[in-house]
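J.: Have a look at the structure that comes next, please.
The values are calculated or read from the model by the stated rules, or taken from the named source; none is laboratory data. Predicted model only: the values in this text are computed from it and were never measured. Accessible surface areas use protein heavy atoms only, side chains included; no ligands, DNA or RNA. Shrake-Rupley method; radii C 1.70, N 1.55, O 1.52, S 1.80 Å.
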Amino acid sequence: HVRSRRQRQMCIRDRVKGEVEKILNKFKAPLGRVRFTYLEPGFSIKAHIDYDPSYVTRFHIPILTNEDCLMCTVKGNTHFPADGKVYFFNTGIKHWVENNSKFPRIHLIIDVHDQRDLVNLTEINSI
């Protein structure tokens, strides 16, 4: 039985829906955009500035990554490991992303509309 691309996407969506809902329910602030991001091996996202955290606070949950996948700023680079934790990243400063590996990088990115979950990050990380 051969499934279409749409059928495969729906199957994956059904499998992760319950788990993603559990994660989203941990946030107290109103949710904004929630998405999975995929970065091909050897690709990067150009330097840019997103919203200041006073407007939108952005959290990352790395799903698939390795030490050669970097979040970069003019102050330095960091790697968010796929360890089940939620990471805050200040997107209000100039930043870019590099995948210097031979493997894809996948993150679940959650935007919320205030900063109260920064205080609750320990609680959120008890997923």
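J.: Got a number for carbon plus sulfur as a percent of the chain's accessible area, 1.4 Å probe?
T.: Heavy-atom surface of the chain belonging to carbon and sulfur, 1.4 Å probe: 54 percent.
J.: Explain nothing, just compute: Karplus ³J(HN,Hα) = 6.51 cos²θ - 1.76 cosθ + 1.60, θ = phi - 60°, for every residue of the range 20-27 in order, whole Hz, x for Gly and Pro.
T.: These are the phi-based 3J(HN,Hα) values: 5, 4, 4, 5, 4, 5, 6, 7 Hz.
J.: I need to check one value: relative contact order of the chain, counting alpha carbon pairs closer than 8 Å and at least 6 residues apart, in percent.
T.: Reported relative contact order: 37 percent.
J.: Taking amide hydrogens as modeled 1.01 Å from N in the peptide plane, which residues meet the under 5 Å criterion relative to Ala82, leaving out close sequence neighbours?
T.: It is Thr65, by chain and number.
J.: In square angstrom, what is the accessible area per residue of the range 10-99 with a 1.4 angstrom probe?
T.: 62
J.: Of Lys17/Lys85; Lys26/Lys102; Lys28/Lys85; Lys46/Lys75; Lys46/Lys85, which pairs sit farther than 27 Å apart, going by alpha carbon to alpha carbon?
T.: Lys26/Lys102
J.: Let me ask you something else. With 22 Å as the cut-off, how large is the P(r) tail for the chain, expressed as percent of Cα-Cα pairs?
T.: Distances greater than 22 Å cover 41 percent of the Cα pairs.
J.: Using each residue's phi in the range 104-113, evaluate 6.51 cos²θ - 1.76 cosθ + 1.60 at θ = phi - 60° and report the 3J(HN,Hα) Karplus result to the nearest Hz, with x for Gly and Pro.
T.: x, 10, 10, 10, 8, 10, 10, 9, 10, 9
J.: Okay, moving on. Starting at the first residue of the range 82-89, write each ³J(HN,Hα) from the Karplus equation 6.51 cos²θ - 1.76 cosθ + 1.60 with θ = phi - 60°, in whole Hz, x for Gly and Pro.
T.: Each residue's phi maps through the Karplus curve to give 7, 10, x, 8, 9, 10, 8, 9 Hz.
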